[in-house]
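Participant: I have a structure here, written as structure tokens, and I will follow up with some questions on it.
The values are calculated or read from the model by the stated rules, or taken from the named source; none is laboratory data. None of these values were measured; they are calculated from a predicted model. Cβ: placed from backbone, ideal geometry, glycine included. Neighbour counts: every protein chain shown. Please note that ligands, DNA and RNA were not included when accessible areas were found on the heavy atoms of the full protein model with its side chains. Shrake-Rupley method; radii C 1.70, N 1.55, O 1.52, S 1.80 Å.
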Amino acid sequence: MRYKMKNTKTLQFIFIILVAVVFVGCSNKIVFPNSEVIPAAEAVLKVEENKNNNYEINLEVEKMAKPDRLTPPRKTYVVWMISEKNGTINLGNLKVSDKNKATLQTVSPYKPIKVFITAEDTKSITVPSTQVVLSTKQFKVK
């Protein structure tokens, strides 16, 4: 009887570990390489396909300089996504807090393969400028 209880507890433990691995494996965590424009910035992107076949995109940036401190000074940051089949898409503006933190959470029907942030003079643009401040390398969503 004791052998069966130990065996059952071991199987339960293994099952819990496997479930945790599956949940962690469903989300991509992409760390941005160091930026030459904002060297202190630390950015992490999480991309997860949801049950509706959309992509949940969560971006967190720490130690992000405000855009007016850049050379030349800018008014805002815009987050862009290069999708697998639909080109470059404006995901939204990145507002930097007084503590130099910034976040963006959004959902896209398009599968991302790269995300980058540009410094801009206006919020509502359709084409990114050449002043890229942070960029991931190309990635694959699991």
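Participant: For segment 75-99, enumerate the residues that are open to solvent by 60 Å² or more (accessible area, probe 1.4 Å) and not in a strand (DSSP E or B).
Facilitator: Correct list: Lys75, Glu84, Lys85, Asn86, Lys95, Asp98, Lys99.
Participant: Those residues that are open to solvent by 50 Å² or more (accessible area, probe 1.4 Å), within 30 Å of Val96 (Cα to Cα), more than 10 Å from the chain's Cα centre (by Cα) and at pLDDT 55 or above, I need them from segment 4-32; list them, please.
Facilitator: Selection gives nothing.
Participant: Still on this structure, I have one more. Output the residues belonging to segment 107-120 that are surrounded by 14 or more Cβ atoms within 10 Å (Cβ to Cβ) and either among the β-branched types (Val, Ile, Thr) or under 21 Å from Asp68 (Cβ atoms) (or both).
Facilitator: Listed by number, the residues that qualify are Ile113, Val115, Phe116, Ile117, Thr118, Ala119, Glu120.
Participant: Quick one: Lys46 ticks every box in (1) in contact with a Leu (Cβ under 9 Å, 6 or more places away or on another chain); (2) closer than 19 Å to Pro128 by Cα; (3) open to solvent by 60 Å² or more (accessible area, probe 1.4 Å) except a single one, so which number is it?
Facilitator: Of the numbered conditions (1) in contact with a Leu (Cβ under 9 Å, 6 or more places away or on another chain); (2) closer than 19 Å to Pro128 by Cα; (3) open to solvent by 60 Å² or more (accessible area, probe 1.4 Å), the odd one out for Lys46 is (2).
Participant: Whether any residue in segment 121-131 is touching a helix residue (DSSP H, G or I) at 6+ places or on another chain (Cβ under 9 Å), open to solvent by less than 40 Å² (accessible area, probe 1.4 Å) and either in contact (Cβ under 8 Å) with a residue 60 or more places away in the chain or assigned to a loop (DSSP other than H, G, I, E, B) (or both) is what I want to check.
Facilitator: No, that holds for no residue.
Participant: Moving on to the next point. So for segment 50-58 (the condition being on the phi > 0 side of the Ramachandran plot, over 15 Å from the mean Cα position of the chain (by Cα) and not in a loop (DSSP other than H, G, I, E, B)), does at least one residue qualify? Outline the logic, then answer.
Facilitator: Taking segment 50-58 as the starting set, the residues that turn out to be on the phi > 0 side of the Ramachandran plot are 53.
Still in the list and also over 15 Å from the mean Cα position of the chain (by Cα): 53.
With not in a loop (DSSP other than H, G, I, E, B) added as a condition, the list becomes none.
Taking every residue of segment 50-58 in turn, none turns out to be on the phi > 0 side of the Ramachandran plot, over 15 Å from the mean Cα position of the chain (by Cα) and not in a loop (DSSP other than H, G, I, E, B).
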